[in-house]
Amino acid sequence: MKKTFTTLALSLSLLIPISSFAKNNVVVVATGGTIAGAGASSTNSATYTAAKVPVDDLLNAVPQIQNLANVTGVQALQIASESITDKELLSIARQVNDLVKKPSVNGVVITHGTDTVEETAFFLSLVIKTDKPIVLVASMRPPSALSADGPLNLYSAVALAASDSAKGKGVMILMNDGIFAARDVTKSINIHTNAFTSQWGALGTLVEGKPYWFRNVAKRFNNASEFNIENIKGDALPLVQIVYGSTNMLPDAYLAYQKAGAKAIIHAGTGNGSVAKYIVPTLNQLQADGVQIIRSSRVPHGFVLRNAEQPDDKYGWVVAHDLNPQKAKILAALALTKTKDAKEIQRMFWEY
Ligand code: ASP
């Protein structure tokens with residue numbers, strides 16, 4: 001009997017390398033962006049077409065990822081991320097949700113354009129019930145450029161998604177060795193490879209295929225979220241739009257969005273989400289008409305304080321807390337799938 005087992009184990013080990021038993025399984029979901037872009041020459045680091053290279057070529061360009069995990073690829077989309085609509089966002093979420101539900105998948109990497117990767121990451125952190133690592137990765141230079149940043153970013157993203165220490169950390173963006181939390185990471189430089197920052201700092205850093213952790217997120221995400229992609233039907237979320245604050249504003253943009261069917265408007269205000277005194281009556285009229293006004297700020301750091309600058313309690317407005325306008329837009333759309341109550345929406349903005 002003992003001999004039979006030994007013979008069986010021996011012949012199995014000849015068929016399957018021992019190392020593949022130990023490795024986690026990571027699926028790379030490709031959606032396009034510069035990381036899959038192509039330029040006319042190797043010196044074109046900023047002039048190129050995004051979303052050209054198929055997922056298999058991305059994976060084959062970095063064979064070292066197979067030492068980190070058993071890596072397979074799925075081409076979910078091939079798009080420049082500025083063109084993502086609710087339809088693509090929901091499609092990515094559903095595909096990733098299906099993957100993380102498979103017991104054979106230990107982690108997911110999503111290759112994405114840098115422009116809106118922060119929105120997709122935040123959305124996934126709110127709607128997918130899992131403790132498996134979901135890592136979004138991008139690049140600032142196309143693979144055809146000198147010193148392309150995509151290959152090392154992809155290597156590090158796979159290392160992160162394959163790491164047992166990343167379990168329960170939620171949805172993250174891996175860029176330029178930094179590990180960032182979906183809720184507070186943002187693209188803050190549009191020309192250099194260190195394009196992503198968080199005002200609260202990175203969660204950690206990834207060096208030579210190993211994550212080093214320094215902080216945790218204090219807010220709700222993934223398994224602790226009250227939103228679930230499985231309860232969202234159709235291809236569109238409740239319509240939310242953003243109006244950018246400045247001096248000498250007109251009320252027309254707010255009114256046009258109301259006419260277009262917006263259910264909430266994010267006011268990306270100056271300073272502490274301030275509203276010009278001649279715009280206040282328009283916003284109060286919209287609120288009375290059932291369009292939720294949410295005060296965010298065009299200032300990248302800090303947070304909007306409730307009832308400072310404007311009497312939010314009196315007006316029934318909501319403040320976006322530290323979420324930037326584009327993140328506030330994502331949370332507002334999800335909130336509106338559940339409630340129209342301003343107090344309840346405000347609770348969500350405190351908690352996520
Ligand atoms: N426009 C590109 C995109 O977001 C930029 C990039 O990926 O860096 O798809």
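Values in this text are rule-based calculations from the coordinates and carry no lab data. Note that the structure is a prediction, hence the values are computed from the model and not measured. Here Cβ is always computed from backbone atoms with ideal geometry, including for glycine, and neighbour counts include all displayed protein chains.
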Inset, instruction - Please sort 210-222, 323-335 by packing, taking for each peptide the average over its residues of neighbouring beta carbons within 10 angstrom, highest first. - result: 323-335, 210-222
Inset, instruction - Could you tell me whether the range 223-305 comes out rounded, prolate or oblate from its Cα gyration tensor? Rule is a ≥ b ≥ c as square roots of the eigenvalues, rounded for a/c under 1.5, then prolate if a/b exceeds b/c, otherwise oblate. - result: oblate
Legend entry - Whole-Å semi-axes of the ellipsoid equivalent to the chain (Cα gyration tensor, √5λ, descending): 41, 22, 17
Inset, instruction - Take every Cα-Cα distance within the range 307-352, group them into 10 Å bins from 0 onward, and report for each bin the whole-number percent of pairs it holds. - result: 28, 59, 14
Inset, instruction - Excluding residues fewer than 8 places away in the same chain, name every one of the lysines whose C-alpha is closer than 23 Å to that of LYS343. - result: LYS219, LYS263, LYS314, LYS327, LYS329
Legend entry - Ranked packing of 45-53, 299-307, 113-121, most packed first, by mean Cβ within 10 Å: 113-121, 45-53, 299-307
Inset, instruction - Report, ordered by chain and residue number, the aspartates and glutamates lying within cross-link reach of LYS210, taken as a straight Cα distance under 14 Å and ignoring same-chain residues fewer than 8 apart. - result: ASP164, ASP177
Legend entry - Helix-only [θ]222 nm of the chain, DSSP H runs n ≥ 4, -39500 (n - 2.57) each, per residue, nearest 500: -9000 deg cm²/dmol
Inset, instruction - Evaluate the Kirkwood expression for the hydrodynamic radius of the range 242-352, namely the inverse of the mean inverse distance over all pairs of different C-alpha atoms, and round to one decimal in Å. - result: 13.5
Inset, instruction - List nothing, just return the count: lysine pairs in the range 16-162, 8 or more apart or interchain, with Cα separation under 17 Å. - result: 6
Legend entry - Sparse-neighbourhood loop sites, GluC sites (Glu not before Pro) in the range 199-277 - DSSP loop, at most 10 other Cβ within 10 angstrom: GLU208
